[in-house]
Amino acid sequence: MTVRPYVPFEDRRLHTPAEPVTAVTETVRMIWDDMIETMDAMPGVGLAAPQIGIMLRLAVVDASDKRGQAVRMANPEILHASGQMRSHDEASPNLPGVSALIERPRAVTVRFLNDRGETEERDFVGLWATSVQHQIDHLNGRTYLDHLSPLRRKMLIAKAKKLMRR
């Protein structure tokens, strides 16, 4: 397993929808392994493949209290989102040093291909749900900043660039 580098926020891959995974192969499993290693090194609770420059609809999420509970997802899609909302301070290693309070549904039902290549539907609640939605945004070419007003987004990007120049 390898910790992979993150692509910078300006990289167009972060703003481009990823390609569907046609089958869960040994290569896909190796990418997931690297993604988990990279996520744990961050440390974070989720990672989407485009964040490390791989343009496939792959994500991993582990919002457990103790690590080692990562859910591996290919082609995740939200089937249902709760009407109850939850706010969480979100960030990304692709734009280090900044974060923003984002409101998302508190619970979601997601369909995806699991690590056995089988279609699975699973309910996620709380931080798990927030992370899954954050990763699906990445797979769709969006970031958490896209949930902010243009002015707030511009301010956070400018702040991050200033921090990176130090």
| said: Under 8 Å between Cβ atoms, which residue pairs at least 6 apart in sequence (or on different chains) link something in the stretch 1-15 that is open to solvent by less than 70 Å² (accessible area, probe 1.4 Å) with a partner that is among the basic types (Lys, Arg) and part of a helix (DSSP H, G or I)? | reply: Val7/Arg13
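Confirm whether Met1 is touching a helix residue (DSSP H, G or I) at 6+ places or on another chain (Cβ under 9 Å) and either among the aromatic types (Phe, Trp, Tyr) or at pLDDT below 95 (or both). Let's see the steps before the verdict.
On the way: touching a helix residue (DSSP H, G or I) at 6+ places or on another chain (Cβ under 9 Å): yes; either among the aromatic types (Phe, Trp, Tyr) or at pLDDT below 95 (or both): yes.
Here the answer is yes, as Met1 does meet what is asked.
Yes/no matrix, rows are residues, columns are (1) closer than 19 Å to Ala160 by Cβ; (2) touching a strand residue (DSSP E or B) at 6+ places or on another chain (Cβ under 7 Å); (3) in contact (Cβ under 8 Å) with a residue 24 or more places away in the chain; (4) surrounded by fewer than 22 Cβ atoms within 10 Å (Cβ to Cβ):
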| residue | (1), (2), (3), (4) |
| --- | --- |
| Met35 | no, yes, yes, no |
| Leu47 | yes, yes, yes, no |
| Met73 | no, yes, yes, no |
| Asn94 | yes, no, yes, yes |
| message | Considering only residues that are in contact with a Ser or Thr (Cβ under 9 Å, 6 or more places away or on another chain) and in a helix (DSSP H, G or I), which ones fall in the stretch 131-152? | response | His134, Asp137, His138, Tyr144, Leu145
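Please determine whether any residue of the stretch 111-122 is part of a loop (DSSP other than H, G, I, E, B) and among the acidic types (Asp, Glu). Reasoning before the result, please.
Here is the first cut: in the stretch 111-122, the residues part of a loop (DSSP other than H, G, I, E, B) are 114-118.
Keeping just the survivors that are among the acidic types (Asp, Glu) gives 115, 118.
Checked against the condition, which is being part of a loop (DSSP other than H, G, I, E, B) and among the acidic types (Asp, Glu), the stretch 111-122 yields at least one hit.
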| Filter result (farther than 19 Å from Thr16 by Cα, open to solvent by 10 Å² or more (accessible area, probe 1.4 Å) and touching a strand residue (DSSP E or B) at 6+ places or on another chain (Cβ under 9 Å)) within the stretch 129-155 | Arg152
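The values are calculated or read from the model by the stated rules, or taken from the named source; none is laboratory data. Since the structure is predicted, the reported quantities are computational estimates derived from the model, not experimental observations. Counting neighbours? That spans all protein chains shown, and the Cβs are built from the backbone with ideal geometry, glycine included. Protein only, heavy atoms only, side chains kept; ligands, DNA and RNA dropped before computing areas. Shrake-Rupley method; radii C 1.70, N 1.55, O 1.52, S 1.80 Å.
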